[in-house]
Protein chains: 4
Amino acid sequence: MAKISIAGATGYTGAELIRILYNHPEVDIVRITSERSAGFHFSAIFPQFRNLMDLTFEPLDPDAIAAGVDLVFLALPHTDSMHVTPRVIRQNVPVVDLSGDFRLNQAKVYTEWYKVDHAAPGEMEKGVYGLPELNREKIRGARFVANPGCYPTAALLGVAPLLKDSLIHLEGIIIDAKSGVTGGGKSPKAHLHFPEANESLMAYKVAEHQHTPEIEQEMERLAGRKIEINFTPHLIPMNRGVLCTIYAALNQNVTTKQLIDHYKSYYRGEPFVRILPAGTYPNTKNVRGTNACDIGLKVDARTGRVIVLSAIDNLVKGASGQAIQNMNLMLGLDEKTGLSLPAMTP
Amino acid sequence: MAKISIAGATGYTGAELIRILYNHPEVDIVRITSERSAGFHFSAIFPQFRNLMDLTFEPLDPDAIAAGVDLVFLALPHTDSMHVTPRVIRQNVPVVDLSGDFRLNQAKVYTEWYKVDHAAPGEMEKGVYGLPELNREKIRGARFVANPGCYPTAALLGVAPLLKDSLIHLEGIIIDAKSGVTGGGKSPKAHLHFPEANESLMAYKVAEHQHTPEIEQEMERLAGRKIEINFTPHLIPMNRGVLCTIYAALNQNVTTKQLIDHYKSYYRGEPFVRILPAGTYPNTKNVRGTNACDIGLKVDARTGRVIVLSAIDNLVKGASGQAIQNMNLMLGLDEKTGLSLPAMTP
Amino acid sequence: MAKISIAGATGYTGAELIRILYNHPEVDIVRITSERSAGFHFSAIFPQFRNLMDLTFEPLDPDAIAAGVDLVFLALPHTDSMHVTPRVIRQNVPVVDLSGDFRLNQAKVYTEWYKVDHAAPGEMEKGVYGLPELNREKIRGARFVANPGCYPTAALLGVAPLLKDSLIHLEGIIIDAKSGVTGGGKSPKAHLHFPEANESLMAYKVAEHQHTPEIEQEMERLAGRKIEINFTPHLIPMNRGVLCTIYAALNQNVTTKQLIDHYKSYYRGEPFVRILPAGTYPNTKNVRGTNACDIGLKVDARTGRVIVLSAIDNLVKGASGQAIQNMNLMLGLDEKTGLSLPAMTP
Amino acid sequence: MAKISIAGATGYTGAELIRILYNHPEVDIVRITSERSAGFHFSAIFPQFRNLMDLTFEPLDPDAIAAGVDLVFLALPHTDSMHVTPRVIRQNVPVVDLSGDFRLNQAKVYTEWYKVDHAAPGEMEKGVYGLPELNREKIRGARFVANPGCYPTAALLGVAPLLKDSLIHLEGIIIDAKSGVTGGGKSPKAHLHFPEANESLMAYKVAEHQHTPEIEQEMERLAGRKIEINFTPHLIPMNRGVLCTIYAALNQNVTTKQLIDHYKSYYRGEPFVRILPAGTYPNTKNVRGTNACDIGLKVDARTGRVIVLSAIDNLVKGASGQAIQNMNLMLGLDEKTGLSLPAMTP
């Protein structure tokens, strides 16, 4: 039985780690931290866990959180994580960081998009980008995994097969993304107040979202070339789910069926990626609560473009489920352990 | 490994049986039926199960559904079930019927509330009422369990402790109930069309809902006396959840704290009932997707009344989860097997 | 053209006053105040009014807000209003106060339910209770109207006809109330954060809600006797709407049809009350955005009780629409002016 | 006082015509038709109109609907309208057709996208495309106006200023559109059943939606050149609202501020178009219930693209409000009459 700690367990991703690990047969949670809620029972903050989970939040001590555990999850806000993570890594324990602070390789790019200087630029290259479908072998051997963002997970899984075999032009790729409200975190905010977010639809951070360089960096790694995309996130009045609608100009004459076959071949054997049949498109509700990514696509012969749709649950495959998938790989467990979760629909 | 069949697996309760049984370690689903969808894969109707479940719907043959299985779930609409269930029982296999057709003991009462004559009045008394917290021993030995309705489950678990020790007047009990929209089933209906049910709130079947006599019958069994209640269901714009607000006049001078202690004692050892501390009231989201029933209460000394709130997920503790709890008891398994489900919140 | 001021126009009720008055043919808004937003354009806070309304928020000066105007609306939070209102009244201008601070007549009762001492107990009896259907003549002559709460409006309109002709027992009246989330105001709060309030259902302030004594006070005025009710509010995942489900024991043998006729007669000529035919119950969506109150009822002969359902829009008939109805009466205008608003459904 | 008839008043657009015309000072509704509901009162189908509107539905007689009226609205489903409209036009009365049947000029294109042959190809060119901001003078003199679709209205108002002065490349324009559920009509459908559409997000009719050629046709008219776009609609779990996210490659070096000024200049004097300041993007809730179109934009200098966001209420500016705007023009009334509707938010 592996022992793990979770720092920052009062946010949605922290609680989701605990929801999924609750039924994980190979892992015990031994320590959870929270600044705001130190001294409280976990179920005082998350009453859905009453009678199920009775750990007490401790204040976060980066030098002690790793004591006696086999892996640490850091589920802290970005700009907090960069101060804490280096100290945790130094304890010589495997770490999965769910924040955005160690996904980008370059401090300059971080500053440009996150609008703040990075406190630990020297550690930025150490984090292995934790998208198992694209990076599995590196994750297996890693001590420090930077868990991908929700939008980048959906976007990269949707676009990756197109970057193989020069199928598309690398200019003019557009990713129009939509997210449920949990993507905005657990702290109340004026625009996420129920009467404001309900019956409401808008784009935000147009051409300015910090996930843009993360998507580009990993696309460039796959394509071996500089890539600049348009990325536009939208806020959708529902709790969970990310859907990316990806537009790219095809380099070759290819049918929808052929491209679906290419995707199936690209993701052969992947336990969490499902390629939908022609004429069928993903719905976020079919992956809700699960670690799956559903992908559908259509070639528009008229315009020479392909439209790819990819859907995930932002809190699971887009955060905590993927973190556990990474943990499984890092600890040498079967990657699927604890992640056999059929969607709760409706 | 026990083998089971599910008749009527295209409705929400059928699909929910399969969602929960998917991770049940002691049970294999070997046969699913549907009239409308015979010949289709399960995942063609419920795409969230793509790659997870590949049984094909068969047409329902009541004489064959039990062949080679250890238990049959019947998830048919009421008024259908009464024609099918007697033939299945005759196969001499344990049966859990999720419909309303065998919960009432008297054909006359059935006709009065369901507005149709019962096709198998002779079988009505054979069904054991499947509310384990109130009827566990009978269920353990039963061959035929009538699984309770969603409203009766929440109402009875909320009111049962009050019926012990003459705590309340049996006249004037009021149960004001609220349900999410899945309680209305999976078939599209004008008033459940999204734009009609969304941002909408109403009572329905006022003083006419067919769950009224089911609640009264079981209350009478507990109290040993005739009881007539007011029961008013309301439709709430959310997917899942039932909340019952129960009002009763107290017979004795008792504090909120004393009554909470009484409830805790009444439900001592129950794995799925949680009694909340004073000043705290249940929220349906904390039991969503789970087999739990959360109960909170308040004594209003001014009026001499107690207000009890009880919350369940209508598709789990109010239907399929409870059916599996009953199955576990009938097959001699640990009652909690497969039902350790933390709520997915949010 | 009458001139009016609005104090506290950054809340939902302030904005709703402006939405409705925008098309009122006899009134000009000349001054709006806000502490938080002083100096901002109205449409900077409420972008739906861009190009439509360009007043700038001023800080609130109770001694100046009435200068040159014919009536002042005070849409301040309760416990703020009691400090401001007495100074505004002194300006000798008609005032409609939308807060809860001057609805109760007794300081002792206020302290008991609002958990704070009243700052101006001597003014408490001066406010005329602004429910025109029950109090029209007094409002017509009033200089100071205390606008009713949302729950009391729905509850009192629903129950008032029963208090005439000794139709019901005055003991054991139960009002189970449900409200959309705008009832909780515009300031973000943890339990009203979208992911928390969405797909969620709970009771709150059980037997402790400050609208309880307001309902009782006005019921007592109608009945001429002391009345104690059970009042339980619930939070519903939708923006607008209040539905009250009222239970009372009948004193007489009366049919649903007879009671509906009684209600129709009681509310004859009322422009904003609609009595629904037998078998039909109100839905909050049918009054959304309007000043209407829809009422339906059912006599349950089995239990000797009547169940009355009454629905309003909490921000219109439950707040700003009713305030304008009161203003119309106070200024000698046709009561319906500006309030001919068909519901926007869906 | 002009007299008007409405054919097909049981759908959402028919009811919305009546909601808005209810307060229109220059128009009387004298006749409403419905096949399904002939003989019923309007308020029996739309109970929100109880006591407000008491016309009775008549069956539709295309030869009689125009008798004695000044204008006819046809709010029939597409493929129905093409059979009825020619007969109504022949009555020599001004007609606004809200269906899609007479928006396209070419029967071949209609067949290609609507998958059915057009029954009245000879009439297709007679309909004036009723988008007043782009086509006002023709509408003023028209006897037969084809009212635009919801998506085309939002898309065309968003993209039109870019087609002036060769600001963008005409290749590679992408319109990613999102709509609330009322866009799917009033008839219950499996995928619009509340539990299916709620907490759900998906694209549909990818590269196959029948509004695509309508958008292209009008863009071509403005640009004077053949244009092929990618258009992808998505279904959003809310009642009302369309948001179009438009991507186009710029031909010129232009800043966000310059482009906003261009838009302001292009729409100078337009009563229903609002251009938002830099850094601000439209939200459908701010136009809900109104005839406004809100537009925001951002130049992404990195990629040389502009992202334009345009939002409307699909039932108002996207259907019935625009139809009334067209009616006002056709009848020689002030274009804004009856359309001064501040949004009901929240």
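The values are calculated or read from the model by the stated rules, or taken from the named source; none is laboratory data. On a predicted model such as this, the values are computed, not experimentally measured, just so you know. Cβ sites come from the backbone with ideal geometry, for glycine too, and all protein chains shown count toward neighbours. All accessible areas refer to the heavy atoms of the entire protein, side chains included, with ligands and DNA or RNA removed. Shrake-Rupley method; radii C 1.70, N 1.55, O 1.52, S 1.80 Å.
A few notes on this one:
- Residue count for the stretch A:152-171, restricted to those that are surrounded by fewer than 24 Cβ atoms within 10 Å (Cβ to Cβ) and among the small types (Gly, Ala, Ser): 2
- Residue pairs meeting the criteria (Cβ under 7 Å; at least 6 apart or on separate chains; first free of Cβ contacts under 8 Å to residues at least 24 places away in the same chain, in the stretch B:237-262; second assigned to a loop (DSSP other than H, G, I, E, B) and surrounded by fewer than 20 Cβ atoms within 10 Å (Cβ to Cβ)): B:Lys257/B:Ala278
- Tally, over the stretch A:142-164, of residues that are assigned to a loop (DSSP other than H, G, I, E, B) and either under 26 Å from A:Thr182 (Cα atoms) or in contact with a Phe, Trp or Tyr (Cβ under 8 Å, 6 or more places away or on another chain) (or both): 4
- Filter result for B:Ala203 (touching a residue at least 40 places away in the same chain (Cβ under 8 Å), small (Gly, Ala, Ser) and more than 14 Å from chain D (Cβ to nearest Cβ)): no
- Scanning the stretch B:172-211 for residues that are charged (D, E, K, R), more than 28 Å from C:Glu171 (Cβ to Cβ) and open to solvent by 40 Å² or more (accessible area, probe 1.4 Å) gives B:Lys186, B:Lys189.
- Residue in the stretch C:134-146 that is surrounded by the most Cβ atoms within 10 Å (Cβ to Cβ), counting only those that are more than 13 Å from the chain's Cα centre (by Cα) and of a type in the set (Gly, Ala, Ser): C:Ala142
- Complete set of residues in the stretch D:166-180 that are in a strand (DSSP E or B) and within 14 Å of chain B (Cβ to nearest Cβ): D:Ser179
- For beta carbons closer than 7 Å, sequence separation of 6+ or different chains, a first residue in the stretch B:181-200 that is at the interface with chain D (Cβ under 7 Å from one of its Cβ atoms) and a second that is of a type in the set (Asp, Glu) and part of a loop (DSSP other than H, G, I, E, B), the qualifying pairs are B:Glu199/A:Glu199.
- Close contacts from the stretch D:77-98, counting a first residue that is farther than 16 Å from D:Pro121 by Cβ and a second that is assigned to a helix (DSSP H, G or I) and β-branched (Val, Ile, Thr), with Cβ to Cβ under 9 Å and a gap of 6+ residues or different chains, come to D:Val95/D:Thr85; D:Val95/D:Val88; D:Val95/D:Ile89; D:Val96/D:Ile324; D:Leu98/D:Thr13.
- Selection of the stretch C:14-25 for residues being in a helix (DSSP H, G or I) and within 12 Å of another protein chain (Cβ to nearest Cβ) yields C:Ala15, C:Glu16, C:Leu17, C:Ile18, C:Arg19, C:Ile20, C:Leu21.
- Only one of the numbered conditions (1) open to solvent by 10 Å² or more (accessible area, probe 1.4 Å); (2) under 16 Å from the mean Cα position of the chain (by Cα) is violated by A:Glu125, and that is (2).
- Considering (1) within 14 Å of chain D (Cβ to nearest Cβ); (2) open to solvent by less than 30 Å² (accessible area, probe 1.4 Å); (3) of a type in the set (Gly, Ala, Ser), the lone condition that B:Gly149 does not fulfil carries the number (1).
- Qualifying residue in the stretch A:315-337 (condition: surrounded by fewer than 24 Cβ atoms within 10 Å (Cβ to Cβ), polar (S, T, N, Q) and closer than 28 Å to A:Gly172 by Cβ): no
- Single unsatisfied condition, D:Met53 versus (1) within 12 Å of another protein chain (Cβ to nearest Cβ); (2) within 18 Å of the chain's Cα centre (by Cα); (3) aliphatic (A, V, I, L, M): (2)
- Residue ranges of strands (runs of 3 or more DSSP E) in the stretch C:26-141 with at least 3 members in contact with a Ser or Thr (Cβ under 8 Å, 6 or more places away or on another chain): C:27-33, C:71-74
- Residue in the stretch D:285-292 that is assigned by TED's automatic domain parsing to the domain that holds D:Ala177, in contact (Cβ under 8 Å) with a residue 12 or more places away in the chain, on the phi > 0 side of the Ramachandran plot and open to solvent by less than 10 Å² (accessible area, probe 1.4 Å) present: yes
- Test: residue in the stretch B:34-46 that is at pLDDT below 95, out of contact with any Leu (no Cβ under 8 Å at 6 or more places or on another chain), within 14 Å of chain A (Cβ to nearest Cβ) and within 20 Å of B:Gly289 (Cα to Cα): no
- The strands (runs of 3 or more DSSP E) falling completely within the stretch B:234-345 include none with 2 or more residues that are within 11 Å of chain A (Cβ to nearest Cβ) and among the aromatic types (Phe, Trp, Tyr).
- Test for A:Ala9: is it at pLDDT below 95, open to solvent by less than 10 Å² (accessible area, probe 1.4 Å) and in contact with a helix residue (DSSP H, G or I) (Cβ under 9 Å, 6 or more places away or on another chain): yes
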